[in-house]
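The values are calculated or read from the model by the stated rules, or taken from the named source; none is laboratory data. Since the model is a prediction, treat every value here as computed from it, not as a measurement. Every residue, glycine among them, receives a Cβ derived from its backbone with ideal geometry; neighbour counts consider all protein chains shown. What goes into the accessible areas is simple: the full protein's heavy atoms, side chains included, and nothing from ligands, DNA or RNA. Shrake-Rupley method; radii C 1.70, N 1.55, O 1.52, S 1.80 Å.
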Amino acid sequence: MKFIGSKMINGASIFKALLKNNLVRPIELQNYDDFHKFLAIILSTNKIEKVFANLEIPISNSIEKLAEIDVKELAILIKPSGFYNTKAKKLNDLAKAIIKDFSSFDEFMQNANFEWFLKIKGVGFDTALMLNNFLLKKPSLVINANAKKLLNILDFTFESYEEASEILSEGLDDEYFYKALNTDNLADIYMSFSASIDNLMQEHYKNKDFDELGKKVLKELR
């Protein structure tokens with residue numbers, strides 16, 4: 001939390017400004033089943049449907065087949081996603097870890113957590129947060145490049161993901177957001193806030209400057 005003049009800025013005030021200006025967007029991942037959400041989060045591509053089509057027969061929604069497939073073959077199948085060699089190894093390593101530590105994908109969904117994701121080689125802090133929040137529906141706020149850029153624009157200082165998360169999480173557990181988003185789950189509020197920040201920074205911040213709507217949001221905060 002910080003004050004600019006008489007205005008207090010924290011996660012809650014930022015999210016309220018985004019809601020007021022209709023910057024909340026549908027979360028596309030919510031259209032997928034859990035297995036496809038898992039794939040989509042790791043692959044992180046706007047060509048995900050093409051990749052899903054490539055994986056449909058060889059993987060068949062099976063975490064076991066994903067763990068068993070040759071990494072080079074997997075890389076070819078997910079090539080449209082970009083950085084396919086790195087992503088293929090990450091997917092394969094994650095699948096093997098799930099098989100090793102859990103009896104099934106369903107058990108993984110029930111019992112995995114943020115700390116478990118961080119133990120997996122190749123899974124970074126932001127990916128672990130996204131898997132924990134968007135896949136497992138646990139209240140972990142995703143701190144990605146867009147979130148950090150917004151905090152910098154608002155003149156917040158932070159030295160870690162944890163500090164950035166603390167700033168943006170403040171005030172989100174408020175009845176206002178439960179009612180506005182028609183949910184009883186804090187994880188949904190975090191998901192919606194993260195997606196709204198992405199919308200603001202990807203669609204309304206170009207060439208190091210906001211468009212009219214972005215400037216309107218910034219003015220309301222300042």
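The table that follows gives values for the structure above.
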{"item": "Tally of residues being part of a loop (DSSP other than H, G, I, E, B) and open to solvent by 90 Å² or more (accessible area, probe 1.4 Å) across region 63-95", "result": "1"}
{"item": "Test: residue in region 96-103 that is surrounded by 16 or more Cβ atoms within 10 Å (Cβ to Cβ), aliphatic (A, V, I, L, M) and in contact with a strand residue (DSSP E or B) (Cβ under 7 Å, 6 or more places away or on another chain)", "result": "no"}
{"item": "Any hit, region 64-77, residues being out of contact with any Pro (no Cβ under 8 Å at 6 or more places or on another chain) and modelled with pLDDT under 95", "result": "no"}
{"item": "Residue, least open to solvent (accessible area, probe 1.4 Å), within region 104-133, restricted to residues that are more than 25 Å from Leu168 (Cα to Cα) and in contact with a Lys or Arg (Cβ under 9 Å, 6 or more places away or on another chain)", "result": "Ile120"}
{"item": "Residue that is nearest to Leu221 (Cα to Cα), among those in region 134-153 that are of a type outside the set (Lys, Arg) and surrounded by fewer than 16 Cβ atoms within 10 Å (Cβ to Cβ)", "result": "Ile153"}
{"item": "Flag if Ala17 is modelled with pLDDT of 95 or more, out of contact with any strand residue (DSSP E or B) (no Cβ under 6 Å at 6 or more places or on another chain) and closer than 26 Å to Val217 by Cβ", "result": "yes"}
{"item": "Tabulated pairs, region 205-217, first open to solvent by 40 Å² or more (accessible area, probe 1.4 Å), second of a type in the set (A, V, I, L, M), C-beta under 8 angstrom, 6+ apart or interchain", "result": "Leu213/Leu23"}
{"item": "Enumeration of residues in region 45-69 that are of a type in the set (Ser, Thr, Tyr) and within 14 Å of Lys79 (Cβ to Cβ)", "result": "Thr45"}
{"item": "Residue match in region 165-177 (condition: surrounded by 14 or more Cβ atoms within 10 Å (Cβ to Cβ) and farther than 16 Å from Asn10 by Cβ)", "result": "no"}
{"item": "Near pairs, Cβ below 7 angstrom, 6+ apart or cross-chain, from region 147-162 (touching a residue at least 24 places away in the same chain (Cβ under 8 Å)) to any residue that is in a loop (DSSP other than H, G, I, E, B) and not hydroxyl-bearing (Ser, Thr, Tyr)", "result": "Tyr161/Ile143"}
{"item": "Residue match in region 20-28 (condition: under 17 Å from the mean Cα position of the chain (by Cα), farther than 19 Å from Ala187 by Cα and crowded, with 16+ Cβ neighbours inside 10 Å)", "result": "no"}
{"item": "Residue check, Asn132 modelled with pLDDT under 95 and either of a type outside the set (D, E, K, R) or on the phi < 0 side of the Ramachandran plot (or both)", "result": "no"}
